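Colleague: Here you go, one structure.
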Amino acid sequence: MELPTALYLPGDDGGFTATPLTIGPWDVTLQHAGPPAALLLREAERVSGIEGGQTVRLAYDICGPVPVGPVRVRGSVVRPGRRVELVETVLEVGERPLMRLSAWRMRTRADDPAAAVARDAEPHPAPLEPAGSRPEVPAFFTTDVAYHRALEWRFAEGSFNAPGPATAWTRTRSELVAGEPMTPLQHLLVMTDAASGISAALDWNTATFANVDLGVALHRPPRGEWLGMAARTVLGGTGAAQCFAVLFDEAGPIGRSSQSLFVEPRAQA
């Protein structure tokens, strides 16, 4: 099976065209939110005024489904500063904004040895390393080339294909934008929106549980080839749910994510 080499192809007009690797699980014409989240992060770092800074909080609002096709992103520094700044980026199709990111970035300094010791003492969220975890492909995508092929998935606990909490490792199989290696933070954003997918509390065939937002808070940047998340979805019983995940790399935890889910019965064909 030959896969696209990137999630997005850059256009001559400054926009991007999504490849089939962005296709989500609910509709083959719509993107999974992970790839556009990473594209918005890329733009936030591009317009940032703090060179080499650390992105510490990312708040995404998903205003509408993003079609598989041409998209544009724009960004601006809302609150400039030498030490901290607030950056906003927007993804649009035509004139319609479909996803928005508000990101706080900070100036960094050399790693504090005391902080490194505390980090090393914290238990790792994954019970197994990537090499000992189980490779798995989700059964609920309706086309073989889609979002799930952009990453290699290995499960330390739980499963794509059974309900309940799960802990999974991922590594990249593609570039974000053609011609550019995917950075660890971009990889993290491509992965993290799938937290509610790996920890699904309902049957994919009978219910939809799409998220309307994504929040990521990081105490340090991700590093290395393998990144992962330990995710749990909590149903509210009223058509709303929340998904929470601990994010990590091979050295240990790096932060947390949250998603608000809109739950409803799935229309039967």
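A short reminder: the numbers here are calculations on the coordinates, not readings from a lab. No experiment lies behind these values; they were computed from the predicted model shown. Backbone-built Cβ (ideal geometry, glycine too); neighbour counts: all protein chains shown.
Colleague: Modelled label-to-label distance, residue 78 and residue 223, 7 Å Cα→beta-carbon offset: nm?
Modeller: About 3.1 nm, to one decimal.
Colleague: Once you list every other residue whose beta carbon is under 14 Å from the beta carbon of residue 64, what net charge do they have if Lys and Arg are +1 and Asp and Glu are -1?
Modeller: -3
Colleague: Using the scaling law 2.2 N^0.38 Å as the reference, what is the normalised Cα Rg of the stretch 85-195?
Modeller: 1.34
Colleague: If each residue of separation counts as 0.36 nm, what is the full-extension length gain between residue 142 and residue 29 once their alpha-carbon separation is subtracted?
Modeller: 39.5 nm
Colleague: When a footprinting reagent is the concern and you count Cβ atoms within 10 Å, what order do 63, 243 take, fewest first?
Modeller: Result, fewest neighbours first: 63, 243.
Colleague: Viscosity 0.890 mPa s, temperature 25 °C: give me the Stokes-Einstein translational D for the chain in µm²/s, with Rh taken as the Kirkwood radius over C-alpha pairs.
Modeller: Translational diffusion coefficient: 130 µm²/s.
Colleague: Binning at 10 Å from 0, report for the stretch 194-269 what percent of all alpha-carbon pair distances ends up in each bin.
Modeller: 20, 44, 24, 11, 1
Colleague: For residue 66, enumerate residues with amide H under 5 Å from its amide H, sequence gap 5+ or separate chain, H modeled in the peptide plane.
Modeller: Sorted by chain and number, the residues that satisfy this are 31.
Colleague: Another one. So what is the calculated 222 nm ellipticity per residue for the chain, using -39500 (n - 2.57) for each DSSP H run with n of 4 or more, over all residues, to the nearest 500 deg cm²/dmol?
Modeller: Working: 4 runs with 36 residues, N = 269.
Mean residue ellipticity at 222 nm (helix-derived): -4000 deg cm²/dmol.
Colleague: Continuing with the same structure: Using the Karplus curve 6.51 cos²θ - 1.76 cosθ + 1.60 with θ = phi - 60°, what ³J(HN,Hα) values do you get for each residue of the stretch 225-233, in whole Hz, with x for Gly and Pro?
Modeller: Per-residue couplings from phi come out as 7, 9, 10, x, 8, 10, 10, 9, 9 Hz.
Colleague: Between residue 61 and residue 238, how many nm apart are label points set 7 Å from Cα along the C-beta direction?
Modeller: 2.1 nm
Colleague: Highest GNM mean-square fluctuation, the chain, Cα pairs closer than 10 Å: which of 159, 196, 133?
Modeller: 133
Colleague: What is the Cα centroid distance between the stretch 231-245 and the stretch 21-48, reported in whole angstrom?
Modeller: 22 Å
Colleague: Once phi is turned into ³J(HN,Hα) by the Karplus curve 6.51 cos²θ - 1.76 cosθ + 1.60 with θ = phi - 60°, what whole-Hz value does each residue of the stretch 75-81 show in order, with x for glycine and proline?
Modeller: Coupling constants for the stretch 75-81: x, 7, 8, 7, 10, x, x Hz.
Colleague: What full-extension length gain, to one decimal in nm, is calculated for residue 2 and residue 110 as 0.36 nm per residue of separation minus the Cα-Cα distance?
Modeller: 34.6 nm
Colleague: What does the charge count near residue 3 come to, summing +1 for each Lys or Arg and -1 for each Asp or Glu among other residues with Cβ under 12 Å from its Cβ?
Modeller: That sum, taken over residues with Cβ under 12 Å, equals -2.
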